[in-house]
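Everything below concerns the one structure shown next.
Read-outs: derived from the displayed coordinates by stated rules, not from any lab. Keep in mind that what you see is a predicted model, and the values were worked out from it rather than measured. Note that we place each Cβ from the backbone using ideal geometry, even for glycine, and neighbour counts take in every protein chain shown.
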Amino acid sequence: MSQGSQLYSFRVDLSDITNNNYGLITYKSVLHPSETLERMVVRSILYAVYNYCNVEFTKGVCVADEPDLWNKADDGKVDSWIEIGLPTNERLRKICRDSKQVILFLYGKAFNRYKCQKNISKTNQNNLKIISLNEEIIGNITRITLKNNHWTIIFQDEDATIIVNGDESYTLNFQQVY
């Protein structure tokens, strides 16, 4: 953990109805000094939701050639590349070429950039999904995130109902936009 990084602990009761994945998962997420708390919260939610495919945190923010989360096959090739934000088209083509599945999660400024960027569809990648997350709901979850968290996440179809620390409940829609 680098100087100025902060560690957040998560205990998540997961009911992933879509992927038939249930149980208690615990993990730690590091907030890098150059990262917003919102972005770390999104990473933490995605880690739980994509737990069924054995994703791992990467160095992400610190290393330009890594996503936020990934799953690698035994041969070292990337099965699932999960990234928060909108990479350049050049990087996106490379990621899609080198990975079996690529999922980009956009909210806020990144989503607004995506809406303005007409040439994203020129990548013509069959293994690419772009999912929009509601910035207001992410903000609400972030406001009540603690250093030690106990969440309940119920995921079904494209909705994650997140109960944060036994207090407030939010439904976050994973709306596919591409």
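Annotations
- Formal net charge of residues neighbouring Asn173 (Cβ-Cβ distance under 9 Å; K, R +1; D, E -1): -2
- Placing a label point 7 Å from the Cα of Ser15 along the Cα-to-Cβ line, the residues of region 128-159 whose backbone N sits under 16 Å from it are 151-159.
- For region 1-46, the square roots a ≥ b ≥ c of the C-alpha gyration tensor eigenvalues yield an a/c of 1.5 or more together with a/b exceeding b/c, which makes the shape prolate.
- A Gaussian network model of the chain, with springs between Cα atoms under 10 Å, assigns the largest mean-square fluctuation among Leu46, Leu69, Leu24 to Leu24.
- Considering only Ala64, Tyr52, His150, and ranking their Cα positions along the charge dipole of the chain that arises from unit charges at the beta-carbon of Lys, Arg, Asp and Glu, the one farthest toward the positive end is Ala64.
- Projected label distance in nm at Gln175 and Arg143, using a 7 Å step from Cα toward the beta-carbon: 2.0
- Here the dipole of the chain is about 680 debye; that uses its Cα centre as origin and unit charges on the Cβ of Lys and Arg (positive) and Asp and Glu (negative).
- Cα shape, the chain, gyration tensor, a/c 1.5 rule: rounded
- Lysine pairs with alpha-carbon atoms under 13 Å apart, the chain, spacing 8 or more or separate chains: 4
- Shape category assigned to region 21-71 from the gyration tensor of Cα positions, a/c cut at 1.5: oblate
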